[in-house]
1. Per 10 Å bin, what percent of the C-alpha pairs of the range 45-137 does each bin hold, from zero upward?
2. Can you give me the % of accessible surface on the range 57-156 that is carbon or sulfur? Probe 1.4 Å, all protein chains present, nothing else counted.
3. Excluding Asn73 itself, calculate the net charge of residues whose Cβ lies under 15 Å from the Cβ of Asn73, where each Lys or Arg counts +1 and each Asp or Glu counts -1.
4. Loop-only check: which GluC sites (Glu not before Pro) in the range 84-156 are DSSP coil with at most 10 other Cβ within 10 angstrom?
5. Taking Cα atoms, how many degrees apart are the long axis of helix 110-132 and the longest axis of the chain, rounded to 10 and kept between 0 and 90?
6. What are the extents of the Cα atoms of the chain along their three principal axes, listed from largest to smallest and rounded to whole Å?
7. Under the Kirkwood approximation applied to all pairs of distinct alpha-carbon atoms, what is the hydrodynamic radius of the range 89-152 in Å?
8. With an 8 Å Cα cut-off and a minimum separation of 6 or more residues, compute the relative contact order for the chain in percent.
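The values are calculated or read from the model by the stated rules, or taken from the named source; none is laboratory data. Everything numeric in this text was worked out from a predicted model, so none of it was measured. Cβ sites come from the backbone with ideal geometry, for glycine too, and all protein chains shown count toward neighbours. Calculation scope for accessible area: heavy atoms of the full protein, side chains included, ligands and nucleic acids excluded. Shrake-Rupley method; radii C 1.70, N 1.55, O 1.52, S 1.80 Å.
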Amino acid sequence: MSKQKEKLEALTFELGLKKIKTLEFYLDFPKEEHSEEIRQKMKGGIETTINIQLENNIVDVSMKVRYFIDDNNKEKTYIILNLFIEFLVSPLKDITMVNKETNTLVFKNEQIYYTLVGITYSTIRGVLYEKLAGSMFNDFILPIRDPKDIFNKIIN
C-alpha cells in the first residue's frame, strides 16, 4: 500500500451535525427616503471562530455575518446574523494534534477545516436568505465562496 493511501486511511473519521443555533439576529430598516442610498453603500463582513473540544469529540463553529454602512467613520449596522453549529467528529483524537508553536489543538489536515467552514457558510447563507425574505434586504444574499478562502481569512 502506498504512503498516500495510508495517510488517507489514517484520517478517516465520521462527521455529524449535533446542533444548529441562531445566536443573534438583528435587522434594522432605514428611513424610506434613504433606503436606496443605504443599500448602495452597504458593506459586509464575516467573523468565524472554530473551537475543538477533544474530550467530547465536538467541534464548534460560530459564524457572524454583518452588513453595515460607514459614513464619515460612523458605522451603522443594519443586519447581523450569528450562527453556531456544533459538529460531532469521531474519533477526534485521531485527526488532531497539538501545534507546538501556539500550544493549541489543530487538525492534522487543513481539508477538515475547509469542510467544516464550507458547511457552516452554506448553512448561514440559507438562514440569512430565509430571514431576509420579504424585507427590503431580500436580495442581500451571501455569494458562493470557496471555503478555503474563508478559512485563510480566519488564520490571517
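1. Spelled out bin by bin, the range 45-137 gives 14, 38, 26, 16, 6, 0 percent.
2. Heavy-atom surface of the range 57-156 belonging to carbon and sulfur, 1.4 Å probe: 48 percent.
3. Once all neighbours under 15 Å are counted, the net charge is +1.
4. When the GluC sites (Glu not before Pro) of the range 84-156 are filtered for loop state and at most 10 Cβ neighbours within 10 Å, Glu101 remain.
5. For helix 110-132, the angle is close to 30 degrees.
6. 67, 30, 29
7. 13.9 Å
8. Once normalised by length, the contact order is 23 percent.
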